[in-house]
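Taken together, the values in this text are just the output of simple stated rules run on the coordinates, not laboratory data. This is a predicted model, so every value here is computed, not measured. Cβ: placed from backbone, ideal geometry, glycine included. Neighbour counts: every protein chain shown.
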Amino acid sequence: MRDSNPRTVYLKDYTVPEYLIHNVDLSFTLDEKNTRVVSRLTMCRNPASRSSDTSLTLTGENLKLVRVVLNEDSELGDKDYLQTPDSLIIHEVPQQRSFVLTIENTIDPKANTALEGLYLSNGMLCTQCEAEGFRKITYFLDRPDVMATFTTTIVGDKDRFPVLLSNGNRVGGGDLPDNRHWVSWKDPFKKPCYLFALVAGRLECVEDRFTTMSGRDIALQIFVEKHDLDKCDHAMQSLKHAMAWDEQVYGREYDLDLYMIVAVGHFNMGAMENKGLNIFNTKFVLARPDTATDADYENIEGVIGHEYFHNWTGNRITCRDWFQLSLKEGFTVFRDQEFTGDRTSRAVKRIEDVNMLRTRQFAEDAGPLAHPIRPDAYIEINNFYTLTVYEKGAEVVRMLHTLLGAAGFRKGSDLYFERHDGQAVTCDDFVSAMETANGVDLSQFRRWYAQAGTPVVGVAQHFDAAQKTLSLTLSQHCPPTPGQTAKEPLHIPVVTGLINRDGSPALCRLGENEAAAEQVVLELTQAKQAFVFSGLEEEPVVSLLRGFSAPVKPALNRPPEELAFLLSHDPDTFNRWDAGQQLAVQVMSGLIADYRNGAKLAVNPLLIDAYRKVLEQSWDDLSYFSLLMTLPSELYLTEQMRVVDVEAIHHAREAVARALAEQLREPLETLYLRYHRDESGRFDAGAIGRRRIKNTCLSYLAQLDADWARHWSLQQFNTAKNMTDQLAALTVIVNHPHPARQQCLDGFYRQWRHEALVIDKWFAAQAMSPMPGTYERVLGLLGHPAFDIRNPNRVRSLIGAFSQSNPLHFHAADGQGYRFLADRIIELNGLNPQVASRMVGALTSWRRYDENRQNRMKAELERIVSTEVISKDVYELAAKSLA
Ligand code: PHE
Ligand code: ZN
C-alpha cells in the first residue's frame, strides 16, 4: 500500500497545469460491484504552461481501464500509453489545438471501504471527491485549478436505483430495456472535479422553495431513506435561513434553480459542498425532538449553513491548490459561526468556538503536527483538514473583520467576489482584496498564514496618578514549532476596555486626540509595544482581548479577587465568562498540586462565593448562564499543565464540582425544580436555555451521594420526551454509581435500536464515563452486534470518544488504553485510512505525559509505523509525531 518512501508535496513546487479541461461528459452504468464509467474530456494544452513535455499524465487509482480513444476515432493501443498504480500517461497528445479524449473504465463501489470516490452506503451509491477522490472514479486532472463544465448521464436499475442525482439541473431522462432508466444532469458552472457528485438509490425527498432577493424561485430538496422522512424539517428550515442570511450579510444569491441535500449513513466527515448536490453525514441533517439534542439542532443549522455558504466561498471561487484549503474553509467557518451567532446567542456561540479552539486547536499548535493555516508541505492532504486550517483559519478571517470593521470587511469581500468569480485562487488573493478595498497594508498580517504556533502575549501595566495615564505594554513571542524555529512578530488586534473600581466602564482615550470610546482595538505589531490611555481618575481594571479578538495566549497573572471582579462586572460577555474560567483554573491548579502531594483537597471559598453570586443574579440568556456555571473541562486543564497528570486533574475537578454542589445545593435544587418541567418540541432560545441550566444543575446535584438526587435523574430519564433531557439524565447516571445504570442503558438501547444516530450517543456515553470498568466495557462494546468498524460514525462514537474525550481511562498508567487504540488503528488502516488517521491524534501528544506514559505511547506509535502495509495517511501522522 505504501511506497517505502512516501512522497512529500511542497507548496513551493506549485506550477500551473500543463493541460486544461473545458468540458467533461460523464456517463455511468451503475452496478454495486462493477460500475462502468465513460468520460469524454474536451481539453487543450494550457497556454500558460511552460513545460515542453508533449505527453499527458492523468491521475487515477483503483481503476480498471477498458479503453482510451483520442478524437473520437482513434483507439489507443498498449504502446500509446502507460499505466502506473496512480496514473495514466498518454505519450503524445495534440499541442496546437483542442482535442477530445474518451476514457472507459470500471470501478468496484462495494469493495470501496475507504469511502472516497464512488461507494456504497446502506444500499445507496454515493460519491465523495474532496480532496482527491475523483481519481478513484476515472482518470482525470484531479487538481482544483482545473475547472470544467460537467454533464453527467446515469443509467441504473429502476428498483435498486429509482433516484439518480448529479450536479446542476436535470436535462433529460427516460426508460430503458431490462427495467432500467437513465437521467442526465448538466452543471453550467465551471468547477473542479472535487465538487462532482453522484447519488443513486432508494431515496425519498422532502421539498420546499426559496425566492431569492432578485425574485428567482429555487427548488429545495432533501433526500433521505424513507424512515427518516420525519426528521428533515429542521434541516430544511436551516437551509432557508442560511440562504436569506447570505443575501443579507454578504449580498450573495444562489445561482442554480435547484439545491439538493442527500443524507448518508456512511461518511468520513461532516458534510460536503458538491455543487448543487450537497452530501451530508446523517448526523448533520436528521433531527426530531425525541432523537436529537439541542446541540444537534444547533450543529445541523451550522453545518447546513456552512455547506450552503461554500457555494460562493469554495465553489464559485475555489482554491488554486490544496495548500490554500483555509481560503475556503477558514472563511466559510467564519461565515457559519457568524450565522449561528445571529440565529442563536452570540455570546454562547463565541464561547463554544473559543473553547474548542483553546482545547483542541491550541494542542495541535503546541504538538509535533503543528502547521500554519496554509501548510507548506504534506504527504497526504486528507491529514490537513485540521482544526488549524478550519478553526484557526476562521480566527484569522475574524481578525481581518475586527481590524477593518464590518463595513470594511464587506467592501473587501465584495471585491474578492467581483475579482475572482469563476477562478481558483490563493489565500493571498483574499488578503489582497481586503487590502485594496480598504486602502490598507496587510503585509505583516499575512504572516498569520505562514507561521504556526500560538503566540503568547505578555501584559504589563503602569498607572501614573499624577498624569492620569495608564500605560499598557504588550509583548509577543511565539514558541518554536517543527521546522520553524525563529518566529516574526504578528499583527495582533487586541480589543481592550477599561473598568472602574466601582464596576462602571471607564472610557478609553488613546493619546491626546483620539475620541473616547467604550473599547479600542490595540494593534500589536511589534515584539513589544506600549499603549497609553489618558484622562483616568483612578487605576482601572483592564479587560483585555475582548471577544477573544486573536488566537493567542495572554500571559496574565491576575489575583483571584480581580478575576472575581471581572466575572461580576465585565460588560464583554466573553471576558466575563473567561474570568470565571481563569478563576476556576487557578483554584483547580492548586488542588492538582495538593492531590499530587497527598494533601487534603480544600476548595477556596472565593470560588464558591463567585459561583454563588452568579447563581443569585437573574439572567435573560439561560444558555449563557449555564456556561458561567460550567467548570473548565479536563481537556482545558490538560492544556494548562506542563506535565499532564490525568488523575490529579480528574480528582481536582471533581472536588470542586462536589464542593459547589454541597455548598450551593439549595439554589441549584431550586433552579432544577423551577425548570424541570418537560418542554419537548420547543426549540426557541428560551426553552433551550431552560433545558441547559436545568441539566447543568442536575449534573452538579449528582455529585452529592444522595438517594433523592439519584431519583431525580432516574425520573428525568424515564419521563423525558426530548433527547436533550433524556441523554443528560443518562449521562449523569452512567457517570456515577447509580443502581439503575444497567437498566437505563438496556432500556435506552431497546428504545432506540432502530435509530443509528441515537445508538451512536449510547456508545459514546459509555465510552466517556469516568466510572471504573470503562475500559472493559469499551472493549466489550467492540463485540456488540450494533458496532460496525466500517461505519465512521460508530468508530467515532466508541473509539473516538474513548480516546479523545476520556482522558482518565484512555491514559490509564498501565497503557491498556494506548494498546487498545493502536490495535484499532492498525485494523482501520486497511479499511479506511482517513478514519484510521483521525484516531492517531490521541497518541501524538505523548511528549506531554510522564515518562511511563511517554514510553508506552511511543511504543504504540512505533508499532503502528512498523505495520507492514500502512497507508500514507496513518504513516504521515505517526511518523511525524515520533520525529
Ligand atoms: N469540504 C467539506 C467541508 O468543510 C469537508 C470535507 C472534506 C468533506 C473532505 C469530505 C471530505 O464542508
Ligand atoms: Zn467546509
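Using only the C-alpha atoms, the convex hull of the range 635-676 corresponds to 84 Å³ per residue.
Remark: ASP572, ASP678 ranked as ASP678, ASP572, counting other beta-carbon atoms within 10 Å and listing the fewest first. Please label the shape of the range 753-883 as rounded, prolate or oblate, based on the square roots a ≥ b ≥ c of the eigenvalues of the alpha-carbon gyration tensor (a/c under 1.5 means rounded; beyond that, a/b larger than b/c means prolate, else oblate). It comes out oblate by the Cα gyration axes.
The charge dipole of the range 60-207, taken about its Cα centre with unit charges on the Cβ atoms of Lys, Arg (+1), Asp and Glu (-1) only, comes to about 260 debye.
Pairs exceeding 20 Å between alpha-carbon atoms, taken from LYS186/LYS231; LYS553/LYS613; LYS328/LYS392; LYS136/LYS872; LYS191/LYS392: LYS186/LYS231; LYS553/LYS613; LYS191/LYS392. Give the angle, between 0 and 90 degrees and rounded to the nearest 10, that separates the Cα long axis of helix 851-865 from the longest principal axis of the Cα atoms of the chain. The answer is roughly 10 degrees.
Using Cα pairs closer than 8 Å and at least 6 residues apart in sequence, work out the relative contact order for the range 753-883, in percent. The value is 20 percent.
Under the combined filter of DSSP loop state and at most 10 neighbouring Cβ atoms within 10 Å, the range 471-572 retains these GluC sites (Glu not before Pro): GLU512, GLU537.
Each Cα pair under 8 Å and six or more residues apart adds its separation to the average, and for the chain the resulting relative contact order is 8 percent. Applying a DSSP loop filter and a limit of 14 other Cβ atoms within 10 Å to the trypsin sites (Lys or Arg not before Pro) in the range 749-833 leaves ARG753, ARG790. The alpha-carbon of LYS411 sits under 12 angstrom from the alpha-carbons of these aspartates and glutamates, leaving out residues fewer than 8 places away in its chain: GLU435.
In this structure, LEU779 and ARG863 have a Cβ-Cβ separation that, at R0 = 22 Å, corresponds to a calculated FRET efficiency of about 0.75. Think of the range 240-361 as a dipole: +1 on every Lys or Arg Cβ, -1 on every Asp or Glu Cβ, centred on the Cα centre; then among THR291, LEU357, GLY276, LEU357 lies furthest on the positive end. When +1 charges are put on Lys and Arg Cβ atoms and -1 charges on Asp and Glu Cβ atoms, the dipole computed for the chain relative to its Cα centre reaches about 880 debye.
Candidate cross-link partners of LYS79 among the lysines, defined by an alpha-carbon separation under 21 Å and a same-chain spacing of 8 or more, comprise LYS64. Close amide H partners of TYR19, meaning residues 5 or more places away or on another chain with modelled amide H under 5 Å apart, are ASN46. Its residue count N sets the reference 2.2 N^0.38 Å, and the alpha-carbon radius of gyration of the range 489-646 equals 1.16 times that reference. In the chain, helices alone account for a calculated mean residue ellipticity at 222 nm of -12000 deg cm²/dmol, with every DSSP H run of four or more residues adding -39,500 (n - 2.57). Considering only MET771, VAL758, LEU808, and ranking their Cα positions along the charge dipole of the range 753-883 that arises from unit charges at the beta-carbon of Lys, Arg, Asp and Glu, the one farthest toward the positive end is VAL758. Loop-located GluC sites (Glu not before Pro) across the range 91-130 with a Cβ neighbour count of 16 or fewer within 10 Å are GLU92, with loop assigned by DSSP.
Rounded to the nearest 20, the size of the Cβ-charge dipole of the range 753-883 about its Cα centre is 220 debye, with Lys and Arg at +1 and Asp and Glu at -1. Taken over the alpha carbons of the chain as equal point scatterers, the Debye sum produces base-10 log I(q)/I(0) values at 0.05, 0.06, 0.07, 0.09 Å⁻¹ of -0.29, -0.42, -0.58, -0.99.
Overall shape: oblate for the range 596-657, with the ratio a/c of the largest to smallest alpha carbon gyration tensor axis at 1.5 or above and b/c at least equal to a/b.
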